[in-house]
1. Spit out the partnerless Cys residues in the chain, using Cβ distances under 4.7 Å as the pairing rule.
2. Based on DSSP loop calls and a cut-off of at most 15 other Cβ atoms within 10 Å, the longest stretch of the chain free of exposed GluC sites (Glu not before Pro) is what?
3. Given R₀ = 22 Å, FRET efficiency for D102-R70 by Cβ-Cβ distance, to 0.05?
4. Just to confirm, what accessible area per residue do you get for the chain at 1.4 Å probe, in whole Å²?
5. Rounding to the nearest 20 debye, state how big the charge dipole of the chain is about its Cα centre with +1 on each Lys and Arg Cβ and -1 on each Asp and Glu Cβ.
6. Give the residue list of trypsin sites (Lys or Arg not before Pro) in the range 38-88 that are DSSP loop and have at most 11 other beta-carbon atoms within 10 angstrom.
7. Please work out the FRET efficiency for the pair Q56 and Q28, using the Cβ-Cβ distance as r and a Förster radius of 30 Å; give the result to the nearest 0.05.
8. Which value at 222 nm does the chain reach when only helices count, each DSSP H run of 4 or more adding -39,500 (n - 2.57), with the total divided by all residues and rounded to the nearest 500 deg cm²/dmol?
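The values are calculated or read from the model by the stated rules, or taken from the named source; none is laboratory data. As the structure is a computational prediction, the values presented were derived from the model and not from experiment. Backbone-built Cβ (ideal geometry, glycine too); neighbour counts: all protein chains shown. Accessible surface is based on the protein model in full, side chains and every heavy atom, while ligands, DNA and RNA are left aside. Shrake-Rupley method; radii C 1.70, N 1.55, O 1.52, S 1.80 Å.
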Amino acid sequence: MFKLKRSSCTYCRLCMLACTAAHEPGLQSVKMARIHIEDDWPEVSGIEVCVACKEQLCIMTCPEEALAWRDHIVLDQAKCTKCHECVDACPYRGIMVHPESDYPLICDTCGGRFSCVNTCPTGAIARR
């Protein structure tokens, strides 16, 4: 799904704003983004997003089978109990939690539009 070049990230968080705008029209909050830029200076920063890993530990870990693969991870909210086991299972820290609904937030490529990729001014995140 993504090719990440962390050394090119300037921590501008435009990708996070683009993601939120694509999923939460009218809101300008990075808290609802499915991609996060961690800048915990002096620690090494990182781009946290679902990278569509081969292991798919989030799907295997979900006790309710609320996650499925369909060109990206898909959440069935009707099955989800908000246990967040998928969040804990992700080795890439690619699953966030919606601050209001408490459901997992997982990249869905913005319906194939890849808003974060199209917004990133440095190419730190690109389609693979």
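1. So far as the 4.7 Å Cβ criterion goes, C9, C12, C19, C53, C62, C80, C83, C90, C110, C120 stand without a partner in the chain.
2. Working: sites that count: E43, E55, E64, E65, E100.
It runs 1-42.
3. So the FRET efficiency works out to roughly 0.45.
4. Details: 7430 Å² over 128 residues.
Value for the chain: 58 Å² per residue.
5. On the way: 14 positive and 16 negative charges, 132 e Å.
For this selection, approximately 640 debye.
6. On the way: sites: K54, R70, K79, K82; in loops: K54, R70, K79, K82.
Of the trypsin sites (Lys or Arg not before Pro), the ones in loops of the range 38-88 whose Cβ has at most 11 other Cβ atoms within 10 Å are K54, R70.
7. On the way: r = 32 Å, r/R0 = 1.07.
According to the calculation, E is roughly 0.40.
8. Values: 4 runs with 25 residues, N = 128.
That comes out to -4500 deg cm²/dmol.
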